[in-house]
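All remarks here apply to the structure that follows.
Please treat every number below as a calculation from the coordinates, not as lab data. All values derive from a computational prediction rather than experimental measurement. Quick reminder, even Gly has a Cβ in these numbers, built from the backbone with ideal geometry, and neighbours come from all protein chains shown.
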Amino acid sequence: MFHNGKKEERTYAIIGLGRFGYALAMELAGEGAELLVLDKDEEKVREIREVTENAFVVNGYDKKTLEETGIQNCDVAVVCIGEKMDISILMTLNLVSIGVPKVIAKATSSEHGEILRKLGAEVVYPERDMAIRLAHRLESDKVLDYIQLSKKVNISKFIVPDKLIGKSVQEADLRRRFSLNIIAIENNDNVNQNVMPDYIFQNGDVLFVSGSVDDFNRMLDWMEHR
């Protein structure tokens, strides 16, 4: 049974070792997080035991079985069983009802996500979010990455366009033109998080900006227009 003996550190439960759950568990383990992992597949559980001793084979996801693993002692539980909607919904309901402080659930459709949200879970759409990020990277050869934080707030990472090189942040005025805020500029592994209005853009600059999808797309159009 899992006990959270380090209350100053967050502890995580991962339910389901599909591609998303396995990758998430490995990433958290790499960060040194304390993990509890549950899955019905004995081979997958055996593999994940290389990074956490708190990995258990479970034959059901009812309240009693969950409580026997000690999952209620975790700070965050992530339901990674998006493909089986009925199990995902039941699992989310049970985790919320046994008192896990924060439940995050993977959804495969907007309807699935709406149900999970009404049950009290924070909802994620891994496949959709990855598709959005890839689409924005393909849309312009200057876009390096794209992270959607919400429907209105996004962070984009891109190579400074040629038309900005030699101009100052104030002259570029991305906030007025496109309602985008520069949050950092990276060059040769040096990251400037306190960007001043008189900063002059130079070759090799990588910009991190925040704003809406529409505003970012307007800037992409402007960047591509010679």
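Can you tell me which of 63-70, 114-121, 192-199 comes out highest on packing, and rank the rest after it, using the mean Cβ neighbours within 10 Å?
114-121, 63-70, 192-199
Could you tell me the distance between the Cα centroids of region 177-216 and region 20-95, to the nearest Å?
39
Treat each spin label as a single point 7 Å out from the Cα along the C-beta direction, and report the Asp221 to Glu122 distance in nm.
3.4
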